Amino acid sequence: MSRTTLCGITAAGLAAISLALMVARYEIMGDGVKVPLGPGTWRVTLLVQGRCTTVDAKLTTAVPLEIGHQHVQKEQCRSNELLPKPPDSKHPERHQVLWTQRPGFRQGSFRARYQFYCTVNHSLAHTAEGEGSVRGSVSGLTKALYAPPSPGDQLQTEPRIESNHADISTLARSLTAGLDSQRDQVEAIYRHVDQEIGNEPNVNDPGLTAMECLTNGSGDSGAKSRLLVALCRNRGIPARLVNGLALKRGHEQRTHTWVELWVQDHWLPACPFYHHFGRVPPSYLILTYGEAPLVRGRNVRDLHYAFLVEQPSVEEDSKGSSASSVRRFLERLSLYALPPAEQRLVEFLLLLPIAALVVCIFRNVIGLGSFGTFAPALVGLAFRELGGLPGILVFVTIVLVGWFMRRVLDRYHLLQVPRMAFLLSLVVLVLISAIVAANYQGLPATKYISLFPIIILTGMIERFWTLEVEDGPSASFRTLLATLFIATCISLLLSLHAIVHHLLRFPETLGLVMALQLLIGRYTGYRLLELFRFRDFLEPDPVNE
């Protein structure tokens, strides 16, 4: 048996086993394979009831934003009387469901049900540094929401946030008297609202205003948050309301409101109702910002709504009955059941073989050279974490600085191993200097440096220098550009959420990846770039015809 035949049979076997495992997993678990499990996963059901008074009644319900630490999956809308329109992907900031009357339904009572699964990433939860410091693969909506406020933004008075009221001004001045630091002023205002204003249950919307809360000396989460926002805005500190849910298993609830304050160049979360300052629990689910109601209707009366929060268990199936032993076994082995830190590590490990496969395709099929085999794969995964262009610029800068240091080091004529060790030390010194300089200038460059594999950087610098000596500067820079191109393609491909979710649901997909790697490993034909380069030889000679 030839080696090519052996590789083909082995690849076919791996592909068959992989596909069989995926089919068996789906047949046993059904749609449950798409349901994430684990400590950071919640199932939330919103039920809205009301009465349509005309034939053109409409209902709007807010749904969770796809930002930062929270990811929404498996959304379902259902109503016998109303027709739901899914959220518009072109406008993610308007993440809401618009309900209109179904044909044939004119007036009367209605029920609308919206259910979703939400996965909360604990490592990216609300912290004192704000969501703006999350990894670069998040959506542009996250960056826009957590960008610095425009001049005058989040400082104005509003109908329910009377920041210019005389009583608000008097209290704000007394609380911040003698405090120069903005952080100290915010803490003093927060402590007063947290300790001196009592808690009340959320009986109905829209709740008390900031002044009513101050006058009564108590209020629900919305009222206390409005008072905190009004006091901070009065002192020139941008502040905004955040509406969502404080996820608790088995609890029926309405909504919870907290505050974000712009302090020291980031949005600082604070919840005076549950006594959190600088950090709120990862179970805080963000729905909307500002005073916009979560549920509103037009030509609708007797509107009521409530949320049911549940945490899916590996013991239950989609119908709520006891699961089979095989299904329970598969659910316990699900990668979604891993803790957030371990799940993050497994995600990286699953993506690494695909990145290596992309490198194989570029090198062995397309014919594009690069610095090493695994260097573009690791750098591509680093670009995925760092958010594209900024990471590429930092990477190129580090390589060029290292290349210059390597030119200087060549004058010493060191042996290879000591030279590589010394070059590694120089690269480390450059990175530490960049981190210190970024911290001094208040720049976010630190997150772009920390994830680059130092050993890979050192090896690439050495290869860059060697190629320049052997083939000239043009060849070395062409290879550097090709490496960057391959790494960028890997970053764009592996940034797709669909690929990550598929691998977490069906990790046996690695069998297909390995099968492709085996087949490419036996490919000895022309590369595409070679065919393009020698295309003139492939054309028939008109003289001989």
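Computed from the coordinates by the stated procedures, all read-outs in this text should not be read as laboratory data. Source: prediction; values computed, not measured. Please note: Cβ atoms are built from the backbone with ideal geometry, for glycine as well, and neighbour counts cover all protein chains shown.
Among the trypsin sites (Lys or Arg not before Pro) within the range 187-266, which fall in a DSSP loop and have no more than 15 other Cβ atoms within 10 Å of their own Cβ? Filter output for the range 187-266: K248, R249. Computed 3J(HN,Hα) for the range 458-469, one whole-Hz value per residue from the Karplus formula 6.51 cos²θ - 1.76 cosθ + 1.60 where θ = phi - 60°, is 4, x, 5, 4, 5, 5, 4, 5, 4, 5, 5, 5, glycine and proline marked x. Packing, taken as the mean count of other beta carbons within 10 Å per residue, orders the peptides 372-381, 173-182, 56-65 from highest to lowest as 372-381, 56-65, 173-182. Taking K and R as +1 and D and E as -1, what net charge do the other residues with C-beta under 10 Å from the C-beta of F116 add up to? Summing Lys and Arg as +1 and Asp and Glu as -1 gives +1.
With a Förster radius of 25 Å applied to the C-beta separation of R111 and K248, the computed FRET efficiency comes to 0.55. Projecting the Cα atoms of L493, I354, F464 onto the charge dipole of the range 336-536 (Cβ charges, centred on the Cα centre) puts F464 farthest toward the positive pole.
Loop-located trypsin sites (Lys or Arg not before Pro) in the range 269-308 (DSSP state other than H, G, I, E, B) with a sparse environment of at most 10 neighbouring Cβ atoms within 10 Å are absent. How high is the FRET efficiency from F477 to N164, r the C-beta distance, R0 60 Å, rounded to 0.05? FRET efficiency, F477 to N164: 0.50. Using the empirical formula 2.2 N^0.38 Å as the baseline, the Cα radius of gyration of the range 125-298 reaches a ratio of 0.99.
With a ≥ b ≥ c the root eigenvalues of the C-alpha gyration tensor of the range 207-315, is it rounded (a/c under 1.5), prolate (a/b larger than b/c) or oblate? Verdict is oblate for the range 207-315. Restricting the GluC sites (Glu not before Pro) of the range 208-315 to loop positions (DSSP other than H, G, I, E, B) with no more than 13 neighbouring Cβ atoms within 10 Å leaves E315.
Name the residue farthest towards the positive end of the dipole of the range 125-298 from the options N243, F277, G219, assuming +1 on Cβ of Lys and Arg, -1 on Cβ of Asp and Glu, about the Cα centre. Checking the options against the dipole of the range 125-298, the answer is N243. With both labels modelled 7 Å from their Cα along Cα-to-Cβ, the V408 to H497 distance reads 4.7 nm. Convex hull volume of the Cα atoms of the range 336-536, normalised per residue: 156 Å³. What is the calculated FRET efficiency for D184 to F532, with r their C-beta to C-beta distance and R₀ = 60 Å, to the nearest 0.05? After rounding to 0.05, the efficiency reads 0.35.
Multiplying the residue separation of E27 and R51 by 0.36 nm and removing their Cα-Cα distance gives an extension gain of 4.5 nm.
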